[in-house]
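Undergrad: Got a structure for you, questions after.
Please treat every number below as a calculation from the coordinates, not as lab data. Quantities reported herein were computed from a predicted structural model and do not represent experimental measurements. All Cβ positions, even for glycine, are placed from backbone atoms using ideal geometry, and neighbour counts span all protein chains on display.
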Amino acid sequence: EFQFYLVIPVLVAAAARHGAGAARAVVALLATCSLGYCLLTSDLQDAWHFYDSFGRAWEFLLGIGVYMMPRPRMRPAVASAASCVALAVLLACFVLLGRDGAFPDTRALLPTLATCVLIICLPDAEAVRRLLSSPAIVTTGKASYSIYIWHWPFIVFGAYLLPVLATTPL
């Protein structure tokens, strides 16, 4: 992720000097190339594929693309329905998608696109917006990145200090 935060903003900013259309075109081109590379290399089945910055950049770039596009006004009923479907897809992905050496592959498309739909529709989907603004969801969201950052050192060093931890569900 760190490489993404350093390189992509510089490229987008350079393109933005030629107008918003140029910046959107650069983001679309980079996202397409990254996704193509990701799918072409998904049969590698190794850890490099999971951590490969260029192979994962398309996921971030879709988010940038959503941010850069003019926000469409939607009828609340349509936005709510699309948001509910997007949430259902995200929940299904959380439960049904497995992770193996080939991830990310085509399986990453579904949750990434569902997230984009949710972000686009959320401003006009009052009920879903209220649900996602609930104190429990907001607290979980605020804590999630800290948990994400801190859990890996504990897992890695814990496995070295207590090897049994590497082979148990704990």
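Undergrad: Checking the a/c ratio against 1.5 first, then a/b against b/c, what shape does the Cα gyration tensor give for segment 1-86?
TA: oblate
Undergrad: Related question: Remind me, relative contact order of segment 1-100 in percent, using alpha carbon pairs under 8 angstrom and six or more residues apart?
TA: This gives 24 percent for segment 1-100.
Undergrad: Taking the dipole about the Cα centre of the chain, with the C-beta of Lys and Arg at +1 and of Asp and Glu at -1, give me whichever of S53, L11, A77 is farthest to the positive side.
TA: Value: A77.
Undergrad: For segment 13-19, in order, what is each residue's ³J(HN,Hα) by Karplus, 6.51 cos²θ - 1.76 cosθ + 1.60 with θ = phi - 60°, in whole Hz (x at glycine and Pro)?
TA: Result, rounded to whole Hz: 5, 5, 5, 5, 5, 9, x.
Undergrad: If I take the Cα coordinates of segment 73-170 and project them onto the principal axes, what are the three extents in Å, biggest first?
TA: 56, 32, 17
Undergrad: Another one. I'm checking a number: the convex hull volume of the Cα atoms of segment 66-109, normalised per residue, in Å³. What is it?
TA: Dividing the Cα hull volume of segment 66-109 by its residue count gives 89 Å³.
Undergrad: Another question, if that's okay. Stretch Q3-R17 to full length: gain in nm at 0.36 nm per residue minus the Cα-Cα span?
TA: So the chain would gain 2.8 nm between Q3 and R17.
Undergrad: How high is the relative contact order of the chain? Use alpha-carbon pairs under 8 Å, at least six apart in sequence, and give a whole percent.
TA: Averaging sequence separation for qualifying contacts and normalising by length gives 21 percent for the chain.
Undergrad: Tell me, Kirkwood radius of segment 22-130 from alpha-carbon pair distances, in Å?
TA: 14.9
Undergrad: So if I place +1 on the C-beta of Lys and Arg and -1 on the C-beta of Asp and Glu, and nothing else carries charge, what would the dipole magnitude of segment 82-170 be about its Cα centre? I want it in debye, nearest 20.
TA: 140
Undergrad: If segment 100-143 were replaced by its equivalent ellipsoid, with semi-axes equal to the square roots of 5 times the Cα gyration tensor eigenvalues, what would those be, largest first, whole Å?
TA: Computed over segment 100-143, the values are 26, 16, 6 Å.
Undergrad: Can I ask one more? Pick from F60, F94, F50: which residue has the top mean-square fluctuation in a GNM of the chain where Cα pairs under 10 Å get a spring?
TA: With Cα springs under 10 Å in the chain, the top fluctuation among F60, F94, F50 is at F94.
Undergrad: How big is the charge dipole of the chain about its Cα centre, in debye rounded to the nearest 20, if each Lys and Arg gets +1 on its Cβ and each Asp and Glu gets -1 on its Cβ?
TA: Using Cβ point charges on Lys, Arg, Asp and Glu, the chain gives about 700 debye.
Undergrad: Of the chain, which part is the longest with no trypsin sites (Lys or Arg not before Pro) in a loop (DSSP not H, G, I, E, B) and with at most 13 other C-beta atoms within 10 angstrom?
TA: Result for the longest clean stretch: 100-170.
Undergrad: Report the one residue of G63, T167, L132 whose Cα lies farthest in the direction of the positive end of the charge dipole of segment 39-170 (charges on C-beta: Lys and Arg +1, Asp and Glu -1; origin at the Cα centre).
TA: The residue sitting farthest along the positive end of the dipole is L132.
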